[in-house]
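Below: one structure, written as structure tokens.
The values are calculated or read from the model by the stated rules, or taken from the named source; none is laboratory data. Keep in mind that what you see is a predicted model, and the values were worked out from it rather than measured. Using ideal geometry, Cβ is built from the backbone for each residue, glycine included, and neighbour counts are taken over all protein chains shown.
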């Protein structure tokens, strides 16, 4: 039975534009000077869309991480992931990589040779997910899935819901998350509705990155993120009957950790001393054990 009580909206965040990695432009709802993080999420970047000429595509050269997870989801383009635990994988359009940095990893995400030689459109997202204090030093892990390996279902008027992790509309994604998590992408056509019931007291976010939708009776446009109160109730995402353009949203949910967050660049820990230790380990070549 559908729960007709809608979860209350806490705030609506408007993304800011910045530059990251090797020079790619991103739209970022958080962290900004207004919102540091939304527990357990530390960062969400929309990379592009950017159309690169031949030999002009950019990515993220080799860099370290400790204490959290990075999730890269590509809509267009292709990137090569390489890391210090021996992984080498190509992220293709519609694919996802979920990397648990844990105690320490060094990785890069760079355009494929074909993307670099021929150019093309690059568009995707990177999400950072915090790890709890008792899991920050777990061994690193990499999970990669191509587009056809993600769970998906058609919406009534031809839209498509793809689920990376967690369950939406009865569809469960393949990623094994370290803590309870939901990550889904909906490409919606006119007059479609998605009802999602996040776990009680979990963080729940809806990020609109194309077009316009109504979220629990609130109009939301591209570049805006809806943050809900941690309570009970459903999240209702709808497109207008008269819409002629599609709308796209990310649906994100997770169990808050309720722990101190101390971050410095690519390291996220619970105390300042742990950050100092991470920097020293990286400089001394022992971040990766």
Residue among 83, 51, 45 that is more than 17 Å from the chain's Cα centre (by Cα) and under 22 Å from residue 150 (Cβ atoms): 83
Cross-chain or 6+ apart pairs with Cβ under 9 Å, region 166-186 first and without any contact (Cβ under 8 Å) to a residue 40 or more places away in the chain and at positive phi, then in a strand (DSSP E or B) and crowded, with 16+ Cβ neighbours inside 10 Å: 169/161; 169/163; 169/184; 169/194; 169/196
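Tell me, which strands (runs of 3 or more DSSP E) wholly within region 62-112 include 1 or more residues that are surrounded by fewer than 22 Cβ atoms within 10 Å (Cβ to Cβ) and either in contact with a strand residue (DSSP E or B) (Cβ under 6 Å, 6 or more places away or on another chain) or without any contact (Cβ under 8 Å) to a residue 12 or more places away in the chain (or both)?
68-76, 79-83, 88-91, 105-111
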Given (1) surrounded by 21 or more Cβ atoms within 10 Å (Cβ to Cβ); (2) within 19 Å of residue 127 (Cβ to Cβ), index of the condition residue 17 fails: (1)
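If you scan region 150-165, which residues turn out to be touching a residue at least 40 places away in the same chain (Cβ under 8 Å) and not in a strand (DSSP E or B)?
Selection gives 150, 159.
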Residue among 279, 200 that alone is part of a loop (DSSP other than H, G, I, E, B) and surrounded by fewer than 18 Cβ atoms within 10 Å (Cβ to Cβ): 200
Count of residues meeting criterion [crowded, with 18+ Cβ neighbours inside 10 Å and either under 18 Å from the mean Cα position of the chain (by Cα) or farther than 23 Å from residue 40 by Cα (or both)] in region 224-242: 7
Hey, residue 32 in contact with a strand residue (DSSP E or B) (Cβ under 6 Å, 6 or more places away or on another chain), free of Cβ contacts under 8 Å to residues at least 40 places away in the same chain and more than 22 Å from residue 275 (Cα to Cα) or not: no
Residues of region 219-249 satisfying the condition of being assigned to a strand (DSSP E or B) and either touching a helix residue (DSSP H, G or I) at 6+ places or on another chain (Cβ under 6 Å) or over 26 Å from residue 49 (Cα atoms) (or both): 228, 234, 235, 236
Test: residue in region 182-190 that is touching a helix residue (DSSP H, G or I) at 6+ places or on another chain (Cβ under 7 Å) and either farther than 22 Å from residue 13 by Cβ or assigned to a strand (DSSP E or B) (or both): no
Given (1) over 30 Å from residue 284 (Cα atoms); (2) touching a strand residue (DSSP E or B) at 6+ places or on another chain (Cβ under 8 Å); (3) surrounded by 15 or more Cβ atoms within 10 Å (Cβ to Cβ), index of the condition residue 127 fails: (1)
Hey, residue 133 within 22 Å of residue 188 (Cα to Cα) and either modelled with pLDDT of 95 or more or crowded, with 21+ Cβ neighbours inside 10 Å (or both) or not: no
